[in-house]
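To start, the structure under review is shown below, and the notes come after it.
The values are calculated or read from the model by the stated rules, or taken from the named source; none is laboratory data. None of the values given here were measured: they were computed from a predicted structure. No Cβ is skipped: glycine too gets one built from the backbone with ideal geometry, and neighbour counts run over all protein chains shown.
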């Protein structure tokens, strides 16, 4: 396997390279990309960089990408997401990950888990960087990226208003069941901090209850 050369370069990789992206390497994933924890018993589990004393899981399955971004080894990375494999490592490692709609980005070169749910997605340390990377992955003109993002209300410069006026969703009481108490304490501290910065916090009710989605998945 060490001597194997891929016969082609995936479209999203070619788009990133075309605008000056530098390929650092292949990051680690869970076995066959089938775990949300990010653990890999055979090849080792990447270390979540937010705790240098205790080896904590980084989330998966794009675990190495999440760790590489959080540890500032790279400014951004590509992950793939079927059931959370971009979103979970991004969240667990304190970054930003974007699960795009199926069919929006080309998937050539990606070994599929689900033809109807697999999507590649950008991972970075800020929303602006993630949006910029996503624009490149869609094939937007590199010379127009900044203008294109500003046209959608996204700026690479942080607004002086911060989060003031933003409407943000929070977990409902029933969604907090099973979460460790110390995590909930930190969660509430974060919500209060956002409220003090004049963000509007409202409980988020998904269109389909999580319990119903979990039951459907188990069928």
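Answer yes if at least one residue in the range 34-42 is closer than 18 Å to residue 109 by Cβ and out of contact with any strand residue (DSSP E or B) (no Cβ under 6 Å at 6 or more places or on another chain), and no otherwise.
No, the range 34-42 contains no residue that is closer than 18 Å to residue 109 by Cβ and out of contact with any strand residue (DSSP E or B) (no Cβ under 6 Å at 6 or more places or on another chain).
Would you please name the residue that is nearest to the chain's Cα centre (by Cα), looking only at residues in the range 137-151 that are modelled with pLDDT of 90 or more and surrounded by fewer than 21 Cβ atoms within 10 Å (Cβ to Cβ)?
Only one residue tops the list, namely 138.
Can you tell me which of 103, 94 is out of contact with any helix residue (DSSP H, G or I) (no Cβ under 7 Å at 6 or more places or on another chain), in a loop (DSSP other than H, G, I, E, B) and assigned by TED's automatic domain parsing to the domain that holds residue 37?
So the residue among 103, 94 that is out of contact with any helix residue (DSSP H, G or I) (no Cβ under 7 Å at 6 or more places or on another chain), in a loop (DSSP other than H, G, I, E, B) and assigned by TED's automatic domain parsing to the domain that holds residue 37 is 103.
So how many residues does the range 164-198 have that are under 29 Å from residue 137 (Cβ atoms), surrounded by 10 or more Cβ atoms within 10 Å (Cβ to Cβ) and either modelled with pLDDT of 90 or more or in the same structural domain as residue 129 (by TED's automatic domain parsing) (or both)?
The number of residues fulfilling the criteria is 2.
Touching a residue at least 12 places away in the same chain (Cβ under 8 Å), out of contact with any helix residue (DSSP H, G or I) (no Cβ under 6 Å at 6 or more places or on another chain), assigned by TED's automatic domain parsing to the domain that holds residue 131 and outside any loop (DSSP other than H, G, I, E, B): does that describe residue 8?
no
Scan the range 31-42 residue by residue and report those that are in a loop (DSSP other than H, G, I, E, B) and modelled with pLDDT under 90.
Selection gives 34, 35, 36, 37, 41, 42.
Filter the range 111-125 down to residues that are in a loop (DSSP other than H, G, I, E, B) and touching a helix residue (DSSP H, G or I) at 6+ places or on another chain (Cβ under 9 Å) and give me whichever is nearest to residue 11 (Cα to Cα).
111
So residue 174 fits all but one of (1) more than 14 Å from residue 77 (Cα to Cα); (2) under 20 Å from the mean Cα position of the chain (by Cα); (3) not in a loop (DSSP other than H, G, I, E, B); what number is the exception?
(2)
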